[in-house]
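The values are calculated or read from the model by the stated rules, or taken from the named source; none is laboratory data. Quantities reported herein were computed from a predicted structural model and do not represent experimental measurements. Using ideal geometry, Cβ is built from the backbone for each residue, glycine included, and neighbour counts are taken over all protein chains shown.
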Amino acid sequence: MGLFDDLGRFLENRLDEFLKNNPHLELQALDEKLREQELETRRLISDLRSREKQVESEILSTAQEIQRWHVRIEKAKAAGRMDLAEPAQAHEASLLREGNQKWGQMEVLRDRIKQTEELLPKIQVRRQEVKEELAQVQTARATQAEQRWASTTGWNQSTNAFRDASDPLEQRFRTWETQEEIEQMKRQMGR
């Protein structure tokens, strides 16, 4: 197990080092994570709203059932049928408890919807900040690459110029090539 732990730590350290040297990749990963959170939050809001509608429907159905049993209780009492009225009252009480539980569920759902809806713009703002940071990092990287290229190009040109000036064979070829070009120009002018 120790070897795998060491290998795991080594890979984590290398990944951390790599991400420090390439902050744009870390920002891209963060942007992707925030995008997924935004999508998941939207899905959660939709699911919670759907569940809220379902619970509201169940509450309405329970309320209608309570009304039906209340009418039955009154009818049984009026007829002097306590053998029916008493169990009907127990059933009505059970329906009231069920309705109260569903009402509590709906309140919890509404609180979760509110919290989730408040979270969504925060995720969107953070994602926008990450995109702006990423754009800045990419601009800085492009600028650095251009500067490195310019400095490398200048170094290569100055190195080549130095090498050209110090190479006697290069000097002789340049002189010969220049003379050839002059001779060719003279021939073309003489025509």
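Scan the range 117-130 and give yes if some residue there is part of a helix (DSSP H, G or I), of a type outside the set (A, V, I, L, M, F, W, C) and either over 20 Å from residue 37 (Cα atoms) or in contact with a strand residue (DSSP E or B) (Cβ under 7 Å, 6 or more places away or on another chain) (or both), otherwise no. No, the range 117-130 contains no residue that is part of a helix (DSSP H, G or I), of a type outside the set (A, V, I, L, M, F, W, C) and either over 20 Å from residue 37 (Cα atoms) or in contact with a strand residue (DSSP E or B) (Cβ under 7 Å, 6 or more places away or on another chain) (or both). The set of residues in the range 77-116 being more than 30 Å from residue 38 (Cβ to Cβ), in a helix (DSSP H, G or I), free of Cβ contacts under 8 Å to residues at least 40 places away in the same chain and of a type in the set (Lys, Arg) consists of 77, 97. A single member of 28, 67 is at pLDDT 80 or above and loosely packed, with under 13 Cβ neighbours inside 10 Å, and it is 67. Beta carbons closer than 8 Å, at least 6 apart along the sequence or on distinct chains, never pair a first residue in the range 171-191 that is at positive phi with a second that is charged (D, E, K, R) and part of a helix (DSSP H, G or I). Residues of the range 97-120 include none that is touching an Asp or Glu at 6+ places or on another chain (Cβ under 6 Å) and modelled with pLDDT under 95.
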